[in-house]
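Below is one structure; the comments refer to it alone.
The values are calculated or read from the model by the stated rules, or taken from the named source; none is laboratory data. None of these values were measured; they are calculated from a predicted model. Virtual Cβ from ideal backbone geometry, glycine too; neighbours counted across all protein chains shown. What goes into the accessible areas is simple: the full protein's heavy atoms, side chains included, and nothing from ligands, DNA or RNA. Shrake-Rupley method; radii C 1.70, N 1.55, O 1.52, S 1.80 Å.
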Amino acid sequence: MLTLAIQKKGRLSSNSLELLEHCGIHLKRTGSDKLKTSALNFPIELLFLRDDDIPRCVEDGIADIGIVGDNIVLETMADIEKVLPLGFGKCRMSIAVPKYADYTGIHFLEGKRIATSYDTILQNFLDKKGVSADIHKISGSVEIAPGIDMADAIFDIVSTGSTLISNGLKEVETILESEAGIYKNKNLSEGKLSLIEKLCFRIQSVNTAKDYKYILLNVPNNKLDAVCSILPGMKSPTIMPLGEPGWSSVHSAIKEDMFWEMIEQLKDAGAESLLITDIEKMIL
Ligand code: ATP
Ligand code: MG
């Protein structure tokens, strides 16, 4: 049995639960106040925790693995190992100063007061840069600190930057890019490692599928070569004769980021009746 810690309530919770669902892991129904559950069809048990507590729980072996942001793992300095990046919970951690401040470089921060909830990451960064500043640890609403003269700068999570702007701040240094990942305890049994491998295999096939679309189209046989040369396919497209003589149906998987451009090219090359669908799982 594998024990997985996920965030109880917050930005990573629904993505974490959805991921398990897409991996075909069905959980026993629980009330929202339950802190523990297990799966009906996979040997896994779930612990619902505050995200800050997940790295330590994994390090101590209370959970074998956890889904948590890279930022929290770095902040807690837990001695755990990343198994897989998950592609959600993406954010960056930056230093911001009041928008009219005359910021010319990192030495602007020398002797200044910086408000943050992430004092460890910030301290490590400043030490590396040889800057000494006065770090004020606060647990939330960091962006208001300069406006109420609590600090001269802040260090916090930024996603779109709109919170900074609405608080009269500008982003001046990005220290870290973060996303959620699966992290594991460093001393796991062979049995648990092989369950993690099984789980990660499923996660990878779900995540790979998200990058692709499945495309079906009809094409007259004299334009088949032109259409097939546009489609990359995994090996090559599947070609099947249509009921109507002289026509074929072509099936292929294409990358989401090439999608719109390729559709135009396919139509120009003679493709008709294009049908595009999502792919649920994909094993390369
Ligand atoms: P908890 O109650 O579990 O301690 P929290 O309030 O500390 O929750 P959330 O705001 O739910 O945490 O964020 C969880 C994680 O989501 C962050 O640590 C970070 O990795 C990621 N994240 C992604 N985008 C953002 C964002 N815009 N603001 C905050 N966190 C973000
Ligand atoms: Mg937290």
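Is it fair to say Arg56 is of a type in the set (Lys, Arg) and more than 16 Å from ligand 1 (Cβ to nearest atom)?
no
For residues that are open to solvent by 50 Å² or more (accessible area, probe 1.4 Å) and in contact with a Lys or Arg (Cβ under 8 Å, 6 or more places away or on another chain), scanning just the range 33-44, find the one that is farthest from ligand 2 (Cβ to nearest atom).
Of everything passing the filter in the range 33-44, Leu40 is farthest from ligand 2 (Cβ to nearest atom).
Looking for whichever is of a type outside the set (Lys, Arg), assigned by TED's automatic domain parsing to the domain that holds Asn71 and surrounded by fewer than 18 Cβ atoms within 10 Å (Cβ to Cβ) here; the options are Leu188, Leu199. Which one fits?
None of the others qualify; the one that does is Leu188.
Is there any pair linking a residue in the range 156-167 that is open to solvent by less than 60 Å² (accessible area, probe 1.4 Å) and assigned to a helix (DSSP H, G or I) to one that is more than 16 Å from ligand 2 (Cβ to nearest atom) and of a type in the set (A, V, I, L, M, F, W, C), with Cβ under 9 Å and at least six apart or on different chains, and which?
Cβ pairs passing all conditions: Leu164/Ala96; Leu164/Ile154; Leu164/Val158.
Of the conditions (1) assigned to a loop (DSSP other than H, G, I, E, B); (2) under 27 Å from Ala209 (Cα atoms); (3) open to solvent by less than 40 Å² (accessible area, probe 1.4 Å); (4) within 16 Å of ligand 2 (Cβ to nearest atom), Ala78 fails just one. Which one is it?
(2)
So, of the residues in the range 206-223 that are assigned to a helix (DSSP H, G or I) and either touching a Cys at 6+ places or on another chain (Cβ under 8 Å) or modelled with pLDDT of 95 or more (or both), which turns out to be most open to solvent (accessible area, probe 1.4 Å)?
Restricting to residues being assigned to a helix (DSSP H, G or I) and either touching a Cys at 6+ places or on another chain (Cβ under 8 Å) or modelled with pLDDT of 95 or more (or both), the top hit is Asn222.
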